1. Spot the failing condition for LEU81; the list is (1) at pLDDT 95 or above; (2) surrounded by fewer than 17 Cβ atoms within 10 Å (Cβ to Cβ), and only one is missed.
2. Give me the pairs: first residue in region 84-102 and touching a residue at least 60 places away in the same chain (Cβ under 8 Å) and assigned to a loop (DSSP other than H, G, I, E, B), second residue surrounded by 14 or more Cβ atoms within 10 Å (Cβ to Cβ) and of a type in the set (Gly, Ala, Ser), beta-carbon distance under 7 Å, and six or more apart or on different chains, which are they?
3. Take region 1-32 and flag every residue that is among the small types (Gly, Ala, Ser) and closer than 27 Å to ALA106 by Cβ.
4. Does any residue in region 18-31 that is under 15 Å from LEU44 (Cβ atoms) come within less than 6 Å, Cβ to Cβ, of a residue that is among the acidic types (Asp, Glu) and at pLDDT 90 or above six or more places away or on a different chain, and which pairs are these?
5. Can VAL78 be described as in a helix (DSSP H, G or I) and under 15 Å from MET12 (Cα atoms)?
6. Exactly one condition in (1) touching a Leu at 6+ places or on another chain (Cβ under 8 Å); (2) at pLDDT 95 or above; (3) surrounded by 17 or more Cβ atoms within 10 Å (Cβ to Cβ) is false for LYS65; which is it?
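The values are calculated or read from the model by the stated rules, or taken from the named source; none is laboratory data. None of these values were measured; they are calculated from a predicted model. Every residue, glycine among them, receives a Cβ derived from its backbone with ideal geometry; neighbour counts consider all protein chains shown.
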Amino acid sequence: MKDRLLIAYQVMATIVGINLILVMLGMLKYVTNPSSWWNVNAGLFLFIDQIHGVLFMVLCVLAAKLGLRQKWSWGFIVSILLFACIPVLSFWSERRTTKRVQADAAAAAQEV
């Protein structure tokens, strides 16, 4: 049986992680000359930033729902969200969370 909540979390975490890298690339406009590609396309990066904000809020809701369903501590749930704010580390956080859900499911299956 597929865990729809976990799949939704995985997809959203991956999208937010990629989007976060794009947001960080957009910060190059602050360290390049005014006629650089990064500054010429500043409007594009503003749009990406706004989309990232919305997607991150969706990720927060999915992580909270997943954490509450799995009965994880608030510390673990908050750590998921904090790691999602760090480029590249967000992908590791998604894998860590997925492994924990799978381990919880395996443990529950053994109890039965």
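1. Of everything listed in (1) at pLDDT 95 or above; (2) surrounded by fewer than 17 Cβ atoms within 10 Å (Cβ to Cβ), LEU81 misses just condition (1).
2. Pairs that qualify, where the first residue is touching a residue at least 60 places away in the same chain (Cβ under 8 Å) and assigned to a loop (DSSP other than H, G, I, E, B) and the partner is surrounded by 14 or more Cβ atoms within 10 Å (Cβ to Cβ) and of a type in the set (Gly, Ala, Ser), are ALA84/ALA13; ALA84/SER90; ALA84/SER93.
3. Scanning region 1-32 gives ALA8, ALA13, GLY17.
4. Hits for this filter: VAL23/ASP49.
5. On the way: in a helix (DSSP H, G or I): yes; under 15 Å from MET12 (Cα atoms): no.
Spelling it out, it is not the case that VAL78 is in a helix (DSSP H, G or I) and under 15 Å from MET12 (Cα atoms).
6. Here LYS65 meets the rest and fails (3).
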